Amino acid sequence: MMTNLFSSFDPSTNILNLSLNWMSTIMGLLLIPMTYWFIPSRYNMIWINILMTLHKEFKTLLGPYNQKGSTFIFISLFSFILFNNFMGLFPYIYTSSSHMSMTLSLALPLWLSFMLFGWINNTQHMFAHLVPQGTPPVLMPFMVCIESISNVIRPGTLAVRLAANMIAGHLLLTLLGNTGPMMNSSLISLLILVQLLLLTLEFAVSIIQSYVFAILSTLYSSEVI
């Protein structure tokens, strides 16, 4: 039962025996030419407004040391995760953001680059972060251990948070959907209503999780400067 349940996250999407599971992650490239129209559409203007709002927020979080264009990587990260989360809401489409192989490959290089930059360029600042201000001398060794562990597990928490949130909603939708054939007609209408509400919730979760991933990555980068 569990194998069948989790197999919904690894569908054998193929055309002419060519595996197309990960194709959904690069389908966003098809939408890029639309942004080069001389007169932008309303959808384009909405998207530009969203990106400008994110740019201002990330710029504030990065503080006074941010460089020109430093927010682009986080805006791109937000857009990429958001697109993949949305693609996973369509039936029979591979949910790539629910797999640790993808979420960890986004979180780990980011965290590793921040750590290398911080320890090479701001070594004293990074050591100071290990002991919070006002810590009693007796607790300093324990605080160093705790801060070091919390720093090391950051990429794991970023990856697991995104993957687990995407898996949870999809699993709930799958479980409720599997009970449909065993219900009578009056309960089916209730099930459809519940499924629609859950789908709306998943739509919100897709936006929130991509935003949380980008915001936390920005916060982690601002600590190493």
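The values are calculated or read from the model by the stated rules, or taken from the named source; none is laboratory data. Since this is a predicted model, take the numbers as computed values, not measurements. Cβ: placed from backbone, ideal geometry, glycine included. Neighbour counts: every protein chain shown.
General remarks:
- Boolean, Phe83 is in contact (Cβ under 8 Å) with a residue 40 or more places away in the chain, farther than 18 Å from Tyr220 by Cα, of a type in the set (Phe, Trp, Tyr) and surrounded by 17 or more Cβ atoms within 10 Å (Cβ to Cβ): yes
- Evaluating Gly28 against the criteria (1) at pLDDT below 85; (2) more than 20 Å from Phe203 (Cα to Cα); (3) assigned to a helix (DSSP H, G or I); (4) not hydroxyl-bearing (Ser, Thr, Tyr) leaves one unmet condition, (2).
- Contact map, the stretch 135-156: first residue touching a residue at least 12 places away in the same chain (Cβ under 8 Å) and surrounded by 10 or more Cβ atoms within 10 Å (Cβ to Cβ), second residue in a loop (DSSP other than H, G, I, E, B) and not polar (S, T, N, Q), Cβ cut-off under 6 Å, separation 6 or more or different chains; pairs are Met143/Val131; Val144/Leu130; Glu147/Leu130.
- When Ala168, Ala159 are screened for being within 23 Å of Thr71 (Cβ to Cβ), surrounded by 12 or more Cβ atoms within 10 Å (Cβ to Cβ) and modelled with pLDDT of 85 or more, only Ala159 passes.
- Any helices (runs of 4 or more DSSP H) falling wholly within the stretch 58-148 and containing at least 1 residues that are touching a Gly at 6+ places or on another chain (Cβ under 6 Å) and at pLDDT 90 or above: 72-87
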